[in-house]
Amino acid sequence: MSDVVPIKLVCLDLAGTTVGDIAMVERAFAEAIATQGIVPGTGAYARAMVHVHRSRGCPKIDVFRGIFPGNEAQAQAANLTFERSYEGALERAGLVPMPGVMEVLDKLRGNGIKLALITGFSRTTLSRILSVLGWHDKIDLAISPEDAGGRGRPWPDMVLHAVLRSGVPDVRQVAVIGDSESDMLCGKRAGASIVAGVMTGVHSKERLLKGGATHILDSIADFPNLVLSDDLGTTQVASSAR
């Protein structure tokens, strides 16, 4: 008898995984910190952007708290500017799904798997993203840190919130996919059987493995074959074509 636990819920990251808006996000971060006196060409700017890169996938307000430690007002002001800048970019340029994403969503849902988008964006920004993408009929849940009690990645709360909301009885029936170390940590800490790191985003294969990736994929297009496989076994060995 097979000991493979079938996947019933997939938790997908947004930026760098399902949509290709990394440059938009980084510009919004740069504009936000500039309003607080940290401008390009300075050492403070370089350090802040390194922190942004390392913190990808985490709640945006937490990123700003790391840049402006001990100054909640400054962090909140920067976060507000970030949201306005990013949402303005959405209105001007829209969002482009990663190649093959729509087919991935359709195939997974066609096999009875529930889909949850989890993100470090605020609920307001997430709602705007969903409106721009028009994915309301493609997914079952869209979860921001606020929806999970305020704790975003790398905490497991958003994945566990999706488990509770979807009615999945066993965390081993969950698969998580993302492009950052914090995505991997979140999935691992939640107990997901599959924690897939995708190489279309910001962090290297080494960073993803460090975070706890069970598999490394070249793109999200490879994800359905992994999730729907009957040969995952109980050993979680990271693999990649790279």
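What number comes out for the charge environment of Gly201, summing +1 per Lys or Arg and -1 per Asp or Glu over other residues with Cβ under 9 Å away?
Working: positive: Arg56; negative: Asp13, Asp179, Asp183.
Summing Lys and Arg as +1 and Asp and Glu as -1 gives -2.
Which lysines, if any, have their Cα less than 19 Å from the Cα of Lys205, not counting same-chain residues under 8 positions apart?
Correct list for Lys205: Lys188.
Just grab the label-to-label distance for Ala46 and Asp140, each label 7 Å out from Cα along the Cβ direction, in nm (one decimal).
It works out to 4.8 nm between the two label points.
If we count every other residue with Cβ under 11 angstrom of Cys58's Cβ, Lys/Arg +1 and Asp/Glu -1, where does the sum land? Numbers along the way, then the final one.
Details: positive: Arg54, Arg56, Lys60, Arg65, Arg151, Arg153; negative: Asp62, Glu181, Asp183.
Net of charged neighbours comes to +3.
Less than 17 Å from a label point 7 Å out along the Cα-to-Cβ axis of Ser229: which backbone N atoms in the stretch 182-200 qualify, by residue?
Correct set: 192-199.
If you add up the charges near Pro40, with Lys and Arg at +1 and Asp and Glu at -1, over every other residue whose beta carbon is less than 14 angstrom from its beta carbon, what do you get? Before the final figure, lay out each step's value.
Values: positive: Arg27, Arg47; negative: Glu26, Glu31.
Residues close to Pro40 contribute a combined charge of 0.
Among (1) 1.07; (2) 0.97; (3) 0.93, which one is Rg/Rh (Cα atoms, Kirkwood Rh) computed from these coordinates?
(2)
Suppose R0 equals 35 Å. What FRET efficiency, 1/(1 + (r/R0)^6) with r the Cβ-Cβ distance, do Val39 and Lys205 give to the nearest 0.05? All intermediate terms of the calculation are to be shown ahead of the outcome.
Values: r = 33 Å, r/R0 = 0.95.
It comes to 0.60.
How many angstrom lie between the Cα centre of the stretch 180-209 and the Cα centre of the stretch 1-31?
Computed from Cα coordinates, the inter-centre distance equals 9 Å.
Take the Cα radius of gyration of the stretch 118-233 and divide it by 2.2 N^0.38 Å, with N its residue count; two decimals is plenty. Don't skip to the answer; put the middle values down first.
Details: Rg = 13.9 Å, N = 116, 2.2 N^0.38 = 13.4 Å.
Taking the Cα Rg and dividing by 2.2 N^0.38 Å, one obtains 1.04.
Can you give the accessible area of His53 in Å² (nearest 10), computed on protein heavy atoms with a 1.4 Å probe?
70
Would you be so kind as to identify which of Phe68, Asn111, Ser85 lies farthest towards the positive end of the dipole of the stretch 1-149, taking Lys and Arg as +1 and Asp and Glu as -1 on Cβ and the Cα centre as origin?
Of the options given, the answer is Phe68.
Tell me the relative contact order for the chain as a rounded percent, counting alpha carbon contacts under 8 Å between residues six or more apart.
Values: 443 pairs, mean separation 59.0, N = 242.
It rounds to 24 percent for the chain.
Taking a cut-off of 16 Å between Cα atoms, list the aspartates and glutamates near Lys210, but don't count ones fewer than 8 places away on the same chain.
Here the aspartates and glutamates satisfying the reach criterion relative to Lys210 are Asp179, Glu181, Asp183.
Quick one, what does Rg over Rh come out to for the stretch 1-82 if you take C-alpha atoms and the Kirkwood Rh? Before the final figure, lay out each step's value.
Working: Rg = 16.9 Å, Rh = 14.3 Å.
Looking at the stretch 1-82, the ratio lands at 1.18.
What's the FRET efficiency of Arg92 with Arg172 using the Cβ-Cβ distance as r and R₀ = 41 Å, to the nearest 0.05? Let's see the in-between values first.
On the way: r = 43 Å, r/R0 = 1.04.
Efficiency, from the Cβ-Cβ distance: 0.45.
In the Gaussian network model of the chain, springs joining C-alpha atoms below 10 Å, which of Pro154, Pro145, Pro97 carries the largest mean-square fluctuation?
It is Pro97.
Under a straight-distance cross-link criterion of Cα-Cα below 12 Å, which aspartates and glutamates are reachable from Lys60, leaving out those fewer than 8 residues away in the same chain?
Once the sequence-local aspartates and glutamates are set aside, what remains near Lys60 is Glu26, Glu83, Glu146.
With each run of n ≥ 4 DSSP H residues scored as -39500 (n - 2.57), what mean residue ellipticity at 222 nm is computed for the chain after dividing by its residue count and rounding to the nearest 500 deg cm²/dmol?
On the way: 10 runs with 108 residues, N = 242.
It lands at -13500 deg cm²/dmol.
Going by alpha carbons, how many degrees (0 to 90, nearest 10) lie between the helix axis of 72-93 and the longest principal axis of the chain?
It works out to around 70 degrees.
The values are calculated or read from the model by the stated rules, or taken from the named source; none is laboratory data. What you see is a predicted model; the values in this text were computed from it and never measured. Heads up, the Cβs are rebuilt from the backbone with ideal geometry, glycines too, and the neighbour counts pull from every protein chain shown. SASA here: full protein model, heavy atoms, side chains in, ligands and nucleic acids out. Shrake-Rupley method; radii C 1.70, N 1.55, O 1.52, S 1.80 Å.
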